[in-house]
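The next block holds one structure in the form of structure tokens; read it before the comments.
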Amino acid sequence: MVEPNFRDLGPLRGFRPAQNGAVALELAGGRAELSVAPDGALRIRCNPGNTLSTDPLPGIGRAPWPCAKMRSRERDGGVSLIFACQDATPQVDIDADPFRVRLLGRRGATRAELFDFASASGSGMRVAVATTASERFYGFGEKHGGLNKRGSVLEMRNTDPELRRRRDPLYVSIPFFLAQDGFHADAQARGVLLESAAPSRFDVAASKDDRVVLETRAEHLDLAIFPGPHPADVLRRFTARVGRNPLPPLWALGHHQSRWSYASEDEVRKVAREIRRRGIPTDVIHLDIDYMHGFRVFTWDPKRFPDPKGLLRDLALDGFRVVTIVDPGVKFDADYGVYNEGRAFGHFCTRDDERLYTLRVWPREAALPDFNCEEVRSWWGEQHRKLLDAGVSGIWNDMNEPAGWSRDVRLGRVIFPYRGQNTQAMQQASLEDPSRKVRHEMVRNVYGYQECRATREFLEEAYPERRHFLLSRAGFTGIQRYAALWTGDNKSRWSDLRESLPMLLNLSVSGVPFCGADIGGFAFSATPELYARWIQIGSLYPFARTHSMWLGRRQEPWRFGKRVEDIARTSLERRMHLLPYFYRVFREAEFTGAPVWRPLAYEFPEDPECAEIQDQVLLGPNLLLAPVLEKGARKRTVYLPPGVWFDWESDARYAGPRHLVVEAPLEKLPIFVRGGSILPTQSPVRHAKEVPKESLRVEVFPGLDAATELVEDDGETTAYRHGVVATTELRMRARAGGRLRVEIGARKGTHRVPERVVPVIIRGAVWPETVMLDASPIACGEGPSTWSYRNGRLCVRYLDDGGAHSIEIEPAP
Ligand code: GLC
């Protein structure tokens, strides 16, 4: 960004209650509006001049900001605003000169201090958020580099970077951060969101270590502060405002197999056959751009895909779903219906002289729909009917930054873009008033977001009973309402594998729980060892897809020899084994905003050791993954936070906090489970539709007392939103007298679960003296109402008829 010239907005001149429940502030050089939501989150909007700009939230599909009741008190040099919120009465102190805003929490502690409000000549705003020398910064959406972004300057402008030089900025802009300060009982977290569709920049205590400086190119500033104290509180409040990831269909949580491209019906059938023949658990096959007729979106190539319906029907019989890529660029072609229609209705983005704006993408010259207009979104959504009618289950939105170039040279399939895209002249509808045009640049960061919104809104309206799956490359704050994200064109390099961890963790705490990186790397070719290590951890990415570029080697799991194929199968079987646990964590994401992948610092904010760990992750609250990320490494050091931890495979028990060197031959992904957890699992399946031999196994890791809720539903429809679920409380208590008691509550709810035998597996157990089921001793055996013991695992089987059951074991492990 060119360094703009900033001018201070000046001191506070006066304030008054505004109509919507907010407080209007009059500054010497501008206007502001401040409000606190009933959950304690603060929003401040301001701009230079005499009137406040229109609220942009409806333009991106967000609900109006709610306002809590307020009373004010004049104080020396300013005013105090006291808000009546659900669980506290936060106070906002405003200093008049210089103008400063302080959000105060319990006992008057400062939660956030905003100062240095300034506007740029031309267009642009700036504000500073005070920080301490010890605060750590996570989030910022999709970013390179380490987990803690303190000391970085980060740009937010959706960009398709050159493959060779992947650096900031990337495809996604989420101008939000989660900051954590202090440790032990003083640990405090807060979130800061800059709601700006225009490019912005964060100086994260890089230039001055007492402040984070936020700059946007927009004409107005729109900033929100989400108080903690725990990171989970911040994410709950933040996602309550910007939206949460709806529970995906179960099949979308399986493995996705992709390549640029499976380019004919025969090739797709062959891949599907191999997957099943080799028993590699997989749910989804992705069709990249070559399924289309000359890269025309919403068409099929008539020669290579003569009967899409038939193909997709056969694949479905074998348990496969198909996801097709849809790029926003509509081929400039007078014989193409979608183009003609879009042109006739004026649905495309224009130049500043009203002529059509086109750019070069796969289909050569292409026009871009203006998704900021509601009628364009409905028109675009409708186009998907053709794909859905053919049996397509999900949509993959790519190139939606939007990406493209202005000239290229083509040699067969090889395309050399040789001049970058010039978006300076491009115009789009304004978010505040779609009848008005603005420079594309000012709304660029929501382009892909609005495309996904168009697609999802159509799918939800046309098929309201189904849960949908969308995948996007570009994104903006709140994209999780509409789509999952993958991190774009990575490379088959160890450094890209390593980087995927902090990148996905930061995306996760930016509100996007359903995210993944291309397993094996997109560009170039993975070695067998790299692929093995990648699929080990990648199979536990929230979104697990193997993908590769046509120039590199094929990266289906069996392309690297038998040993690696076995590793891939075991890894994906583990994902399917853990599917009920994944599902539970995804439910949590929808209902509380907690991420699926969590930095250790998120779960253990009070532990200084966890603050910078970026080569380990927590999958949900209980599973700690410590993948091998170095070429040739056969062991690694693992940090175990405070508490009891079990080795997932050997059941060896460790007391944290401690460091541990673990052996990790190529076959092993080190995983640890928190003592005091109950994991719902199942026996592995080849795809989510297959009925598992055991649809529920309850795996118990003793330690602290624990309780969890198991929620089962049909895995596919939206009936769960209307309460069609089956809920079971699971509890574990270490009782006095050396007994362990596991309680299974009576099942509640209307979703039907057939009678079944459920094994409850106590990990790290000793040979028991007595095992009681429902208060009666039971015998060692193999059937229902018996127990067995092998290698430190005690398995108690009960007949699950929906009633309450209890298990008592003596001695307790
Ligand atoms: C972009 C995508 C990649 C896709 C390719 C062809 O590079 O990021 O995933 O395979 O386009 O569609």
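The values are calculated or read from the model by the stated rules, or taken from the named source; none is laboratory data. If you're wondering where the values come from, they're calculated on a predicted model, not measured in any experiment. We place every Cβ from the backbone using ideal geometry, glycine too, and count neighbours over all the protein chains shown. In case anyone asks, the SASA skips ligands and DNA or RNA and just uses the protein heavy atoms, side chains included. Shrake-Rupley method; radii C 1.70, N 1.55, O 1.52, S 1.80 Å.
Data table
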{"item": "Selection of trypsin sites (Lys or Arg not before Pro), the stretch 304-373, meeting DSSP coil and at most 11 other Cβ within 10 Å", "result": "ARG355"}
{"item": "Surface share of carbon and sulfur [accessible, 1.4 angstrom probe, percent] for the stretch 213-364", "result": "49 percent"}
{"item": "Rounded to the nearest 20 debye, dipole of the chain from Cβ charges on Lys, Arg, Asp, Glu", "result": "1160 debye"}
{"item": "Reach of LYS331 by Cα under 21 Å, taken over lysines that are not fewer than 8 positions away in the same chain", "result": "LYS303, LYS386"}
{"item": "Backbone HN-Hα couplings from phi across the stretch 735-745 [Karplus 6.51/-1.76/1.60, Hz, Gly and Pro as x]", "result": "9, 4, x, x, 9, 10, 10, 10, 10, 10, x"}
{"item": "Order by protection proxy (mean Cβ within 10 Å, highest first), peptides 219-231, 675-687, 722-734", "result": "219-231, 675-687, 722-734"}
{"item": "Pairwise label distance in nanometres, LYS309 with VAL691, each label 7 Å out on the Cα-Cβ vector", "result": "3.0 nm"}
{"item": "Probe 1.4 Å, protein heavy atoms only - accessible area per residue of the chain in square angstrom", "result": "37 Å²"}
{"item": "Burial order of peptide ranges 72-80, 598-606, 625-633, 149-157 (average beta-carbon count within 10 Å, highest first)", "result": "598-606, 149-157, 625-633, 72-80"}
{"item": "Loop-resident sites, the stretch 408-463, for trypsin sites (Lys or Arg not before Pro), counting at most 16 other Cβ within 10 Å (DSSP)", "result": "ARG413, ARG436"}
{"item": "Kirkwood-Stokes translational diffusion coefficient of the chain, alpha-carbon pairs, 37 °C, 0.692 mPa s, µm²/s", "result": "117 µm²/s"}
{"item": "Estimated inter-spin distance, LYS208 and ALA633, nm [label 7 Å along Cα→Cβ]", "result": "4.0 nm"}
{"item": "Peptides 549-556, 173-180, 199-206 ordered by average Cβ neighbours within 10 Å, highest first", "result": "173-180, 199-206, 549-556"}
{"item": "Sum of side-chain charges, GLU26 neighbourhood, beta-carbon under 10 Å (Lys, Arg +1; Asp, Glu -1)", "result": "+3"}
{"item": "Whole-Å distance, taken between Cα centres, linking the stretch 543-606 and the stretch 786-812", "result": "30 Å"}
{"item": "Distance (nanometres) between label positions extended 7 Å along Cα→Cβ at ASP353 and SER134", "result": "6.2 nm"}
{"item": "Using a Förster distance of 25 Å, the FRET efficiency for SER72-THR51 (Cβ separation, nearest 0.05)", "result": "0.65"}
{"item": "Counted charge near GLY182, where neighbours are those whose Cβ lies closer than 12 Å (Asp, Glu -1; Lys, Arg +1)", "result": "-3"}
{"item": "DSSP-assigned coil residues among GluC sites (Glu not before Pro) in the stretch 317-386, each with at most 12 further Cβ atoms within 10 Å", "result": "GLU354"}
